[in-house]
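Notes follow the structure.
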Amino acid sequence: MSDATGHKTSLLEPDARTKARNAAERRFRLMGLSAVGLGVLALVVLLSSVLGNGLSAFQQTSISLTIPLDEKKLDKSGKRDPAVMAKVTTVGYGKLIQEALKDMLAEAGVDDGGLKPKELMGLLSKEAAADLRDRVLADPSLVGTTLSFNAMANGRVDGFFKGRVTLKSAERDANITPEQLQLAQRMADAGLIKTGFNWAFLTNPDASELRPESAGLGVAILGSAYMMLIVLVLSLPIGVAASIYLEELAPKNRWTDLIEINIANLAAVPSIVFGILALALFINFLGLPQSAPIVGGLVLTLMTLPTIIIATRASLKSVPQGVRDAALGVGASKMQAIFHHVLPLAMPGILTGTILGLARALGESAPLLLIGMVAFVKDYPASPPQGFFDPASALPVQVYSWTQRADPAFAERASGAIIVLMLFLLTMNAVAIILRRRFERRW
Amino acid sequence: MNDMRLTERAVTEKAKMSARGVQVHYGTNHALKDVDVDILDKTVTAFIGPSGCGKSTFLRCLNRMNDTVASARVTGKIEMDGQDIYDPRVDPVQLRAKVGMVFQKPNPFPKSIYDNVAYGPKIHGLTRTKAELDEVVESSLRKAALWNEVKDRLAAPGTGLSGGQQQRLCIARAVATSPEVLLMDEPCSALDPIATAQVEELIDELRAQFSVVIVTHSMQQAARVSQRTAFFHLGSLVEYGETGTIFTSPRDPRTESYITGRIG
C-alpha cells in the first residue's frame, strides 16, 4: 500500500491524515458532551432553586384553638338566621379567637411574655377571624357549641419556623416583634403550634398583600383547567380536521401553498401578539367578559392550532403511501382509507403534537395579561359552562403576580406555584406517553 | 408449457375489458400514447417492457388508481363489460371492488391477518354474519395458498409474515372482495425464487375464476404464467398477441430486440 507521494505506509501506524480526522472526531465528541453537560447542569440548578424555594410553600404552621361559640355574642336573637347573624363582623369573631388564645396559653402554662392582646393576635393570620365567621355562617347550628378550630399562623411566624424570619430581622420589622417570635417558640415547644401539609395552598383563592399565609392557587388551578378544557375541545378537532383536509384531500395549488406558509408563520408569531388580537376581537368587538377563561381558552386555542396542524400534517405525511394504495385498491373510499388506516397510524404523532401544544398553552402568560387575567380574583368561578364566563386567574399569571409582591412569603408561594405548574406539565406528558403506547401497535 | 396452453386458450375469446386510444399525461409528460388492448376473460395477460415504458401506468388506468395522482390526465376509452369506466357516473370505489389490485411491494395493513382479508368484504357489505365472514376469509386464504401456514395465527399481525407470505396475504385480500379482474403490478419483484414460484402457481389457479393482468420485468415469468402478452416501449404498445407468438415469432423488430436482451 502506498500513499499519494508513493511512499509505502504501514497499517499499524496511522498516517497524518487519519490522525487529523480522528482528532477532529474526538473534538466534536467533546463539544457535544460538554453541551449536554451544560444543559443538565442548568436543569439541576433550575430544579434545585425552584424546589429549594418552593417546597416550603406546601407546609403551613397553624395553631389549634378550642373556641366556645357563645350564643350571646354571635346570635342574640337565638333564631340562627344567617342574615341576622351576619351583623356580627369579623371584629366580634376576632375577640372570641383572642380569648380562646389567652385561655389556651394559661391552660398550657405558657408565659405570654406580657404581650398585649393585639400583639397576641398578631401571631395569627388576619384571615383567621374571617374563616371562623364563614364557617359559622355556613352552619349556624355550630353556635352554642365548642368548636375546635385550626387558625393559620401569621406569615412572619410561619416564616420563623421555616427559617425565613429570624429574631434579628424581626427587630427591623413593623409586622412582628422579637417578643412575639419568642412566644411562638415557647408555644411550639409546648406543642401548641403545629406544622402540617398546606392544603389551603392548593384550594384557597389569592389573598391580599398582608396575608401571604392564606394565598392559594385554587382559582388559578380552576382557571387553567377550564382553559385547557376549552383549548383541547376546540383545537384538537379543528386542527386534525384542517390537517386531514390540507394533507389528504385539498388540491395542491397556489392557494394551499399560501395557507401552508401562513400556518408555519403563525406558529412563530409571538404570543403577546395573540393577546392583542384577543383583546381587540373577543373583548372589544365580540364583547366577551374580561379575565374570563373563555377568552383565555380561545386565544390559547388560536395559539395552539398551528402547532397541532403542523404536527398532525407531519405525522400524516409519514404514513407510507402503500397503506393508502392498499386501502383504495380493495375499494375503500378516500374517507375510509383515511379513517380506517391512515389516521390510526398517525395517531401517536398527533397526540404528541397536541400535548406539546397544550403544554405550551398551559405555561403561557403573556396573552393572558392582555385580556385581564392578571386581575386579583377572590371568588371561585362557577362550574362550567357558566364558569367559563366568570373571572378567573391562571397558574403562570399567578406566578407572575406573586413575584411582584413585596413580602418574601410571596416569593416562596411563587416557587410553590411553579412546582404545581411543573407537576401539571409532567402529568400531561405522562398522559401523552401512555396514550402513545396504547395507540402504537407493535407491528 | 406454452404450447400446452394454446389448447386451453380457445375457450375464452370474450373481452372482459377493452381499451381504445388510451393516452396518459403526467403534467407535460406524455406517458402513454394511444394504447388499444383487449383483456380477455379468464386469461392471464402479461405486460412487459423496459422501465418507464408505461406498462404500470396503463395497469393503474384499469382500476382508476391514477385518479389519486393529481397531475395525471387520462383520455381515451376503457370499457369493462361494455361500460365506460371513465364515465362521470362511475364511482371509482365501486370499480375497484370489481377490479382488485396487488402492488409491487407487499403492503398488508398494520392489522391482524384476519382483519387484512376481512377488510374488503366488510366495507362492501358482502357478508351478513360473522360466520359468513369467517368463511370468506378462509376461502380467500386458501385461494392464496396461505391458509395452511396461517390458520393457527389469524390474530397475528399481517406485517409479521415473511415477504412471500405478505404478498400472498395481499392477494388473499384482493381475492376476498370477489373481483372480476385482478391487476398485479410486478407482484414478485420483492420475492425470492421459491415465493415467486408459489405466487406464479397461484396466478395460474386464479385464472379459473377471473382475468389476471400482470406487469412483470421478467420475460421468463411472462412466458410461464400468461396466455397473452403486451410489449410496451417508450409509452407505446408495440405488440400484443398470444404469448407463444410474441416469444417465438415477434412481428416487430423492437419486440425481438427486447426479448433477446438487446434493448431494455
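Bear in mind these aren't lab numbers, they're just calculated from the coordinates by the rules spelled out. Here the structure is a predicted model, which means the values were calculated and not measured. Cβ sites come from the backbone with ideal geometry, for glycine too, and all protein chains shown count toward neighbours.
Between A:Ala16 and A:Ser34, what is the label-point separation in nm under the 7 Å Cα-to-beta-carbon projection?
With each label point 7 Å from Cα toward Cβ, the separation is 2.7 nm.
Subtract the Cα-Cα distance of B:Ala208 and B:Arg20 from 0.36 nm times their separation in residues, and report this length gain in nm to one decimal.
That pair, B:Ala208 and B:Arg20, stretches by 65.1 nm at full extension.
Show me the three semi-axes of the equivalent ellipsoid for the stretch A:59-197, from the C-alpha gyration tensor (sqrt of 5 times each eigenvalue), largest first, rounded to whole Å.
Over the Cα atoms of the stretch A:59-197, the semi-axes work out to 29, 14, 13 Å.
Give the angle, between 0 and 90 degrees and rounded to the nearest 10, that separates the Cα long axis of helix A:254-266 from the longest principal axis of the Cα atoms of chain A.
40
Between A:Ile272 and A:Ala382, take the C-beta separation as r, use R0 = 22 Å, and let me know the FRET efficiency to the nearest 0.05.
0.15
Nearest 10 degrees is fine. How inclined is helix B:193-206 to the longest principal axis of chain B, computing both from alpha carbons?
90
Can you find, among A:Leu124, A:Leu147, A:Gly163, the residue farthest towards the positive end of the dipole of the stretch A:42-167? Put +1 on the C-beta of Lys and Arg, -1 on that of Asp and Glu.
Comparing the listed Cα positions along the dipole, A:Leu124 ranks first.
So what is log10(I(q)/I(0)) for the stretch A:1-92 at q = 0.18, 0.19, 0.21 1/Å, when the Debye sum runs over its Cα atoms only?
Each listed q maps to, in turn, -0.96, -0.99, -1.05.
With only alpha-carbon atoms in the gyration tensor, what are the semi-axes of the equivalent ellipsoid for the stretch A:298-338, in Å, largest first?
After diagonalising the Cα gyration tensor, the semi-axes are 30, 12, 4 Å.
Using only alpha carbon positions, build the gyration tensor of the stretch B:15-259, then give the equivalent ellipsoid semi-axes as the square roots of 5 times its eigenvalues, largest first, whole angstrom.
After diagonalising the Cα gyration tensor, the semi-axes are 30, 21, 16 Å.
What does the helix-only formula give at 222 nm for chain B: each DSSP H stretch with n ≥ 4 adding -39500 (n - 2.57), the total divided by the residues, and the result rounded to the nearest 500 deg cm²/dmol?
-11000 deg cm²/dmol
Say a paramagnetic label sat at a point 7 Å from the Cα of A:Thr203, along Cα to Cβ; which residues of the stretch A:371-402 have their backbone N under 18 Å from it?
Residues A:378-383 qualify, since their backbone N sits under 18 Å from the label point.
Give me the inter-chain shielding for B:110-121: mean count of other chain Cβ atoms within 10 Å, whole number please.
Across the residues of B:110-121, the mean count of other-chain Cβ atoms within 10 Å is 3.
Looking at the stretch A:88-178, which trypsin sites (Lys or Arg not before Pro) are in a loop (DSSP not H, G, I, E or B) and have at most 15 other Cβ atoms within 10 Å?
Those satisfying the criteria are A:Arg172.
Where does helix A:127-138 land angle-wise versus the long Cα axis of chain A, in degrees 0 to 90, nearest 10?
Rounded to the nearest ten degrees, it is 80.
Taking the Cβ-Cβ separation of B:Thr245 and B:Leu126 as r and a Förster radius of 41 Å, what is the calculated FRET efficiency to the nearest 0.05? Before the final figure, lay out the partial values.
On the way: r = 39 Å, r/R0 = 0.96.
Between B:Thr245 and B:Leu126 the formula returns 0.55.
Can you work out the FRET efficiency for the pair A:Thr166 and A:Arg26, with r the C-beta to C-beta distance and R0 = 45 Å, to the nearest 0.05?
Working from the Cβ atoms, E equals 0.30.
Under a Cβ-only charge scheme (Lys and Arg +1, Asp and Glu -1), can you give me the dipole magnitude of the protein assembly as shown about the Cα centre, in debye to the nearest 20?
Details: 75 positive and 69 negative charges, 129 e Å.
I would put it at about 620 debye.
Once the dipole of the stretch B:152-215 is set up with Lys and Arg at +1 and Asp and Glu at -1 on Cβ about the Cα centre, which of B:Cys188, B:Gln166, B:Ile203 lies farthest towards its positive end?
Going by the Cα projections, it comes out as B:Gln166.
Taking the Cα centre of the stretch B:30-178 as origin, sum charge times position over the Cβ atoms of Lys and Arg (+1) and Asp and Glu (-1), and report the length of that vector in debye to the nearest 20.
420
For B:Lys55, give me every one of the lysines with a C-alpha distance below 29 angstrom, ignoring sequence neighbours fewer than eight places off in its own chain.
List returned: A:Lys252, A:Lys317, A:Lys334, B:Lys14, B:Lys16, B:Lys33, B:Lys42, B:Lys77, B:Lys98, B:Lys105, B:Lys143.
By its C-alpha gyration tensor, with a ≥ b ≥ c as the square roots of the eigenvalues, how is chain A shaped: rounded for a/c under 1.5, else prolate for a/b larger than b/c, else oblate?
oblate
Go through A:Ala346, A:Met227, A:Ile263 and say which Cα lies farthest out towards the positive end of the charge dipole of the stretch A:203-362; charges sit on Cβ, +1 for Lys and Arg, -1 for Asp and Glu.
Sorting the options by dipole projection puts first A:Ala346.
Note the full-extension length gain between A:Glu440 and A:Tyr245 as 0.36 nm times their separation in residues minus their Cα-Cα distance, in nm to one decimal.
Gain on extension, A:Glu440 to A:Tyr245, equals 67.9 nm.
When the Kirkwood radius is taken over all Cα pairs of the stretch A:312-437, what Stokes-Einstein diffusion coefficient follows at 25 °C and 0.890 mPa s, in µm²/s?
Details: Rh = 17.9 Å.
Answer, rounded: 137 µm²/s.
Describe numerically, in nm with one decimal, the distance between label points set 7 Å from Cα along Cα→Cβ at A:Lys252 and at A:Thr195.
In this crude spin-label approximation the distance works out to 6.5 nm.
Using only DSSP helix segments of four residues or longer, with each worth -39500 (n - 2.57), what per-residue ellipticity at 222 nm results for chain A after dividing by its residue count and rounding to 500? Walk me through the numbers on the way to the answer.
On the way: 19 runs with 261 residues, N = 443.
Helix-only estimate at 222 nm: -19000 deg cm²/dmol.
Quick one: net charge of A:Gly353's neighbours, Cβ under 15 Å, K/R +1, D/E -1? Let's see the in-between values first.
Working: positive: A:Arg313, A:Lys317, A:Arg360, A:Arg436; negative: A:Glu247, A:Glu440.
Charge balance near A:Gly353 sits at +2.
Relative contact order of chain A: what whole-number percent is it, with Cα pairs under 8 angstrom and at least 6 residues apart?
Relative contact order of chain A: 18 percent.
Treating the beta-carbon of each Lys and Arg as +1 and of each Asp and Glu as -1, no other charges, what is the dipole magnitude of the stretch A:59-197 about its Cα centre, to the nearest 20 debye?
Computed about the Cα centre, the dipole is about 320 debye.
What is the order of B:Ser226, A:Ser271, B:Ser189, fewest Cβ neighbours within 10 Å to most?
On the way: B:Ser226 29, A:Ser271 18, B:Ser189 15.
Least crowded to most crowded, the residues run B:Ser189, A:Ser271, B:Ser226.
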